[in-house]
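Worksheet for the structure shown next.
No value in this document is a laboratory result; all are computed from the given coordinates. Owing to the predicted nature of the structure, the values given are computational and were not obtained by experimental measurement. In this analysis, Cβ positions are derived from the backbone assuming ideal geometry, glycine residues included, and neighbour counts consider all displayed protein chains.
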4 protein chains.
Amino acid sequence: MSTSQKRGSSAEVAADRRKQILKAAVEVFAERGFHRSRVSDIAKRAGVAYGLIYHYFQSKDHVLNSVFEENWAVFLKVLSELKDNQELTAVGRLKSVADLFIDALQIAPATIQVIIQEVSRSDRFVESNKLDAFEDGFSGVCSIISEGQKTGEIRSDLDPMVGAYIFFGALEMVCTGFMLKRIQCSTTEEGSALKLTVYQMLLAGMQAEPAKDPQ
Amino acid sequence: MSTSQKRGSSAEVAADRRKQILKAAVEVFAERGFHRSRVSDIAKRAGVAYGLIYHYFQSKDHVLNSVFEENWAVFLKVLSELKDNQELTAVGRLKSVADLFIDALQIAPATIQVIIQEVSRSDRFVESNKLDAFEDGFSGVCSIISEGQKTGEIRSDLDPMVGAYIFFGALEMVCTGFMLKRIQCSTTEEGSALKLTVYQMLLAGMQAEPAKDPQ
Amino acid sequence: MSTSQKRGSSAEVAADRRKQILKAAVEVFAERGFHRSRVSDIAKRAGVAYGLIYHYFQSKDHVLNSVFEENWAVFLKVLSELKDNQELTAVGRLKSVADLFIDALQIAPATIQVIIQEVSRSDRFVESNKLDAFEDGFSGVCSIISEGQKTGEIRSDLDPMVGAYIFFGALEMVCTGFMLKRIQCSTTEEGSALKLTVYQMLLAGMQAEPAKDPQ
Amino acid sequence: MSTSQKRGSSAEVAADRRKQILKAAVEVFAERGFHRSRVSDIAKRAGVAYGLIYHYFQSKDHVLNSVFEENWAVFLKVLSELKDNQELTAVGRLKSVADLFIDALQIAPATIQVIIQEVSRSDRFVESNKLDAFEDGFSGVCSIISEGQKTGEIRSDLDPMVGAYIFFGALEMVCTGFMLKRIQCSTTEEGSALKLTVYQMLLAGMQAEPAKDPQ
DNA sequence: AATGAATGAGAGTTCATTCAT
DNA sequence: GATGAATGAACTCTCATTCAT
């Protein structure tokens, strides 16, 4: 009695345990992929008995869902704020989205990877609610592009939705390259260089000459 | 006993059966993902007994490998020819790569998807030989970009490898959008429009103004 | 700390808690069967934390044992008194046994059901001590039948043990029918009617004619 | 090559395997009870790998269902024929039902026990379709009793449904006693003696005197 | 006394792979 | 070549039980 009681209530401890398990799950999923990861792998990584995972999550699938919901939601929120931010130009807003992504990549690369690679593909044609949440991200970027086209900032001969897909695809593969250690962006300098390349390629184009009409 | 043997040698028939199974496998993998696909699903789709699959392939993994090797190899071959084709500018070569991809997407979208999504992720940290073959594709594009930088065609402040990743990422996500029916490119017109958007975004940039120095 | 302690000693409170848990257990076992009932189901029904059950009982099995012992013991005691009650005829004693059963059914149907259906089957070939206690019940009725045969009250061509099994089997299935809402005996009238049918069938026979020699 | 091919097609062999597994399942369920029986126990008893069980049955529950459906159905069919057999008196028909049961008990005691003890209780309040099939048996006997009451063969002060429950309850417990080795009926003589006791108790009554009005 | 987080043995089920026919 | 019955390793999930608080 009158022992430690380090800090916080049991509710806080429970929240910590949950986070601890989610963190371990993200790491394991990122390393081995969702299907190759066993629940016991997650437990081992988290340093708990695997039964405990079922105390906090209904199933292995629900663990993945939680990773998605609790992180993608944050991204969507920021995106939604950006979308309506009239202080920035459309291009500025797209840059901000890319920044958001690349910053997140530096802070929590495994989370980004799991979200993009596992969730978006896990039950591709089965549960579409996750897909819908995903689609929201594309729609947000699509809106920004459309608006930029109206203001003349962005070329009007682009299909905005294809633009959004290209935009995310580019960011995703950068993420994959990062996870595979083919792309470096751990330091601030590397991060800046990466952002620059992304900006150039997606916004300004690769070509050195301002020749604006390929095809 | 003493049945038909309809046409051709038994070797030809065997080759047909093999293709039949590979075709079914690609469809099933594209729909459900590799790990959620059962060998019996492939067999059912191919209209054969699942035991037969083991006459033509050592294992389920080998089926996926074959999908990869027999298709990516073709891509690599074309890419390798392009890389050294001095008749085209670097930008022209990149366009050709994109064309190759988008054409393949229209002809065999499921194959493209399986290659990109399943193979590249299947055994991420386990077998690296497939990854190496994958890397060859990135290297090819990376080379073209580098060369373009030397000739002054392509902006020199880009990281060529990051450029290659962005390039493939963009194409991959377009593929995903296509599979998810969010992007249309079934007709020739749609294909052309898609290519245009891809060219613009990756080569010329989204921005309408030739302002060449974002950041 | 220094909480209520509403009435009675802590021993009384403990006894109450025990009863409360046993009552909940009987209800849950009757509804879902022993094996499908979780300790947490019992706890939920009793309105306590499931850990508490282990303060009052060694294990889930012991809860079932307690249900049995503390109720069947009562029945055995009454049966034992009846067996030696020379004021009643053998038939009168059998009627009393049936009455005892049917009265109990009206008062505590779930308890009766759990005792008969779960205890008698739970560990059929594993622990025989419970089975022995069960057997005591059959023996008691068997004795009464034997004695009735000696006094000429009961037909001598019956096997007394088979008679006892038939006797209990009849009562048990009536219990099941009651639990399944197929047999009504909630009111006093229904109870009397039920008893009459039981008496007639088991003692006097179904047949209207006094033709005493079927075969 | 040119090996045994003992007898029958592969369809027959499959049917045999199914029966072999069902037989093993009945034995194991009868000995240990459904919930204490592991799928591997059934497999071991049947001499097959447990995976094979899932080749023939969807789940452990489906094995139990099959035991029920494929045996109770037979009983119901005979009962239904008996019910409408106008060549027999009501009492004669009830005797036939009892005979049917006791004969079955001698031929396949484990099957009878599993049907009565496991199926009827397994998912008591969950799946009612099995319960309905069960109820059909009670209804059949109930009908016979009602008819007997109309023709004056059977005492009119009995509740027919209660009568049916008593009837089956008696037979069931006889079955239990047999399984527990407390009741013998392996030989023809023992079987006849058992039938006699059942007839007497249920139809003629236990009492020696033709005193027809207890209570 | 009371709680419920934590544990892990145990059971059901899936499915890649083998092999007799 | 072709079939699908047979096998069993591997995995998810359940839940009785323990124990720190």
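Using only Cα atoms, what Kirkwood radius does segment A:88-187 have, in angstroms? That comes to 14.5 Å for segment A:88-187.
Relative to the dominant Cα principal axis of chain C, helix C:10-32 is inclined by about 60°. Based on the reciprocal of the average 1/r between different C-alpha atoms, the Kirkwood radius for the protein assembly as shown equals 33.9 Å.
In deg cm²/dmol, rounded to 500, what helix-only [θ] at 222 nm does chain A give when every DSSP H run of at least 4 residues adds -39500 (n - 2.57) and the total is split over its residues?
Calculated mean residue ellipticity at 222 nm is -21500 deg cm²/dmol.
With equal scatterers on the alpha carbons only and no solvent term, can you work out the Debye log10 of I(q)/I(0) for chain B at 0.15, 0.18 1/Å? For the requested q values the scattering log ratios are -1.03, -1.31. Between identical copies, the spacing of residue A:12 label points, each set 7 Å from Cα toward the C-beta atom, reads 4.2, 7.6, 7.8 nm from nearest to farthest.
Mean partner shielding of peptide D:151-161, defined as the number of other chain Cβ atoms within 10 Å of each residue Cβ, is 5. Farthest towards the positive end of the charge dipole of segment A:32-78, among the residues A:56, A:68, A:39, is the Cα of A:39, using unit charges on the Cβ of Lys, Arg, Asp and Glu.
DSSP loop (so not H, G, I, E, B), at most 13 other Cβ within 10 Å: list which trypsin sites (Lys or Arg not before Pro) in segment A:10-117 pass both filters.
A:38
Within 10 Å of the Cβ of each residue in A:28-35, the mean number of Cβ atoms contributed by other protein chains is 3.
Taking 0.36 nm per residue of separation and subtracting the Cα-Cα distance, what length does fully extending residue D:20 through residue D:70 add?
16.6 nm
Its Cα centre serving as origin, chain C has a Cβ charge dipole (Lys and Arg +1, Asp and Glu -1) of approximately 1020 debye. With the charge dipole of chain A set up from +1 on Lys and Arg Cβ and -1 on Asp and Glu Cβ about the Cα centre, the Cα lying farthest toward the positive end among the listed residues A:142, A:193, A:109 is that of A:109. The distance between label points at residue A:38 and residue B:58 comes to 2.4 nm (points 7 Å beyond Cα on the Cα→Cβ vector).
Comparing A:144, A:42, A:154 in a Gaussian network model of chain A, where Cα atoms under 10 Å apart are tied by springs, the biggest mean-square fluctuation is seen for A:154. Taking 0.36 nm per residue of separation and subtracting the Cα-Cα distance, full extension of the segment from residue D:133 to residue D:190 would add 17.4 nm.
The mean number of Cβ atoms from other chains found within 10 Å of a Cβ in peptide C:188-201 is 5, as a whole number. If only the Cβ of Lys and Arg carry +1 and only the Cβ of Asp and Glu carry -1, the dipole of the protein assembly as shown around its Cα centre is close to 1220 debye.
Residue of chain D with the smallest Cβ distance to the axis mapping D onto B, distance rounded to whole Å: D:51, 4. Dipole magnitude for segment C:56-166: about 160 debye, using +1 per Lys or Arg Cβ and -1 per Asp or Glu Cβ, origin at the Cα centre. Determine the alpha carbon to alpha carbon distance for each of A:19/B:60; C:181/D:95; D:19/D:130; A:19/C:44; D:83/D:130; D:44/D:95 and list only those over 30 Å. Among A:19/B:60; C:181/D:95; D:19/D:130; A:19/C:44; D:83/D:130; D:44/D:95, the Cα-Cα distance tops 30 Å for A:19/B:60; D:44/D:95.
Quick one: Debye curve from the C-alpha atoms of segment A:1-106, no solvent, what's log10 I(q)/I(0) at q = 0.11, 0.13, 0.14, 0.15 Å⁻¹? Results for segment A:1-106 at q = 0.11, 0.13, 0.14, 0.15 Å⁻¹ read -0.51, -0.65, -0.71, -0.77.
Distances, shortest first, from the label point of residue C:81 to those at the same position in the other copies read 5.3, 7.9, 10.4 nm; the point lies 7 Å along Cα to C-beta. Summarising the amide proton neighbourhood of residue A:206: residues at separation of 5 or more, or on other chains, whose placed amide H is nearer than 5 Å comprise B:203, B:204, B:205.
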